[in-house]
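Engineer: Just dropping this structure here.
The values are calculated or read from the model by the stated rules, or taken from the named source; none is laboratory data. These figures come from a predicted structure and were not determined experimentally. Quick reminder, even Gly has a Cβ in these numbers, built from the backbone with ideal geometry, and neighbours come from all protein chains shown. SASA here: full protein model, heavy atoms, side chains in, ligands and nucleic acids out. Shrake-Rupley method; radii C 1.70, N 1.55, O 1.52, S 1.80 Å.
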Amino acid sequence: MKRVLFYLLFLSFISCSYKTNLSEFSITSPKENWTYFENEEIYFSTDIISPYLKWYSSIDGFLDSNSHFCKKLSAGQHEISLYNSKSKILKKLIINIKNQQSTKEKEVLLINFPYTFKPASTCGFYSLSGSAKISENTINQNDNRITRDIKLNTNIKNKTLITYNNRQCDNTNHNNFFYVINTNNQTEANLIETTLYYSNENINIYIEKNISDTENLDKCIENITHLILPRIKDIWGSVEDINHDNKLTILFSSTINKEKKAIGFFNQDDFFLRNDNINSKDYNPYSNEMDIIYVAFPENSNKNYSIESISATIAHEISHAANFSKKTYLKIKQKKPFTILDTFLDEGLSHLTENLVGFGSSGGNKDFINAYLKNSNICSFCSSNILGEQDTVERRGAMSLFLFFLFNKAGGFDWGDNKINLLDKGGISFLKKIISSEDNSWDSIGSYFNISTDLLFQEFCRKCLTENLYNIFDFNKTDIMTGERIFECNEFKKYDINNINTILDYSITKLNPINNEFYLQIFFMEILILYFWRNKIFRINNFISSNFCIKTN
């Protein structure tokens, strides 16, 4: 009896998830303008259950009268119509069906996720599988694009901590020399002479000596002092004060512009003692022995180095520095076991930070997300892409998209009365929990929710592939200070897949079942329904609607 009650309650949940106001409905699958093949079953569904539904194809005619079903269609462009004869409402969309033999292109859409209950007579449970074997020319289009930053090849395992007894940088001299890592080879550094351009109680800003054109720089500094630093502190807290001056140092260097590899970077080695003895275990020849980030000099003539791009990069690099401070450096200082954020998560968090401080669009972060949406079939969220590449533009965009989804799921944020500070409504706590978690990088993402990250990832994929992104993300929310949209991106492009012969872990094109127990419950529930139905004991749907669901007009 308990088992019967469980199945009835479960079925009531499924039934209640559908709309009962028959004047409001939509086609939830397939999606507008997506492409399938003749030999694959397409999953059709709507968000209401009604006996008055009729599905039609402009080529194949009448299709079905159920709320959900699977069917193969003929080749051609189909106008799919869903008509509700009671409310007299008609919904339409266009999909394309290709002959697989006539094209090398493979465009795949989700058939069905293992979340949706369907009667046993329909096409069963499916999940996306496969990825693409694509030529390098297809996905290396970003080789000439300057990325936000580079991940330096540092090894902090044997580095020596800086103490008061160690050599310190001269914080009183307004002229100083700094090492700036060569971003092209990372094995050498530029030694540049600088001057202290700006200082307040929170930051010191150095620029290369003899630079006279500082108009754009002044605008960047205004963004830093009045917007970026207060918001970064609200999200991540402060960066560890390595050289004991109670300030973060920001160095603007034209060497980064000339090397055309990145817009800025954070170097973990700066948190440790400088040592130029190549035979030492703690060899660290280019440390500036301070909490410092490096950015290119702003330029009017190059979009990569615009004021907005530089501002976004500064937020990005301070995020790296703050999270390294809390996740790794403090543990080393306390002589405790430490972990380092994996690159996929470290970069995803920093790109999301750009959005939250107000420079996600003009700074170029939306380009990273759109790069993923365009090439989603070849990208893994936390591993290498189909060519074995790790830290790619697409993966950065993928992770910032996934993290922003969960940021909002946790409650998001709002602005304080001064319109600058950020008020936590759950989203910021979610981000901080990732940094404080003792789990590995992937598992730490779900720690705030006490849920497996795998399950959250499946939820994210299901929504992205079965709903319009405008229903998932609030694209209209605008930063109260910069006027930019907090989040902005394009819709998913069609999957362009040549040969499905590689499956990428944690790709949106691969979703595994949640667990076998779930499938077992569905199996028994279907048997139970068929038993009641065939023996005409009672009408399940009417029983549930009258006892468990709240009816609407």
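Engineer: Using the eigenvalues of the Cα gyration tensor, what equivalent ellipsoid semi-axes result for segment 251-375 when each is taken as the square root of five times the eigenvalue, whole Å, largest first? Mind showing how you got there, number by number?
Structural biologist: Values: eigenvalues 161, 74, 29 Å².
Over the Cα atoms of segment 251-375, the semi-axes work out to 28, 19, 12 Å.
Engineer: So if I average 1/r over every pair of distinct C-alpha atoms in segment 434-481 and take the inverse, what Kirkwood radius in Å does that give?
Structural biologist: Kirkwood hydrodynamic radius for segment 434-481: 12.7 Å.
Engineer: Ranked highest first by average number of other Cβ atoms within 10 Å, how do 375-381, 49-55, 275-281, 354-360 line up?
Structural biologist: 354-360, 375-381, 49-55, 275-281
Engineer: Okay, next question. Compute and list, largest first, the equivalent-ellipsoid semi-axes of segment 306-404 from the alpha carbon gyration tensor, each √(5λ) rounded to a whole angstrom.
Structural biologist: Semi-axis lengths for segment 306-404 are 24, 19, 9 Å.
Engineer: Beyond 20 Å, how much of the Cα-Cα pair distribution for segment 385-493 remains, as a whole percent?
Structural biologist: 48
Engineer: Rounded, prolate or oblate: which fits segment 406-458, taking a ≥ b ≥ c as square roots of the Cα gyration tensor eigenvalues, rounded meaning a/c under 1.5, else prolate when a/b beats b/c?
Structural biologist: Judged from the Cα gyration tensor, segment 406-458 comes out prolate (a/c at least 1.5, a/b above b/c).
Engineer: Measure off, as a whole percent, the carbon and sulfur share of the 1.4 Å-probe accessible area of segment 163-284, all protein chains present.
Structural biologist: Within segment 163-284, the accessible surface is 42 percent carbon and sulfur.
Engineer: Hey, can you grab everything whose amide H is under 5 Å from the amide H of residue 37? Only 5+ residues off in sequence or another chain; H modelled, so Pro and N-termini drop out.
Structural biologist: Under 5 Å from the amide H of residue 37: 98.
Engineer: Would you mind pulling out the separation of the Cα centroids of segment 378-418 and segment 293-364, in Å?
Structural biologist: 14
Engineer: Continuing with this model, one more query. Could you state the principal axis extents of the C-alpha atoms in segment 290-348, from the largest down, to the nearest angstrom?
Structural biologist: Projected onto its principal axes, the Cα set of segment 290-348 covers 48, 26, 10 Å.
Engineer: Can you pull a Stokes-Einstein diffusion coefficient for segment 253-316 at 10 °C (1.306 mPa s), Rh from Kirkwood over Cα pairs, as a whole number of µm²/s?
Structural biologist: Diffusion coefficient, whole number: 121 µm²/s.
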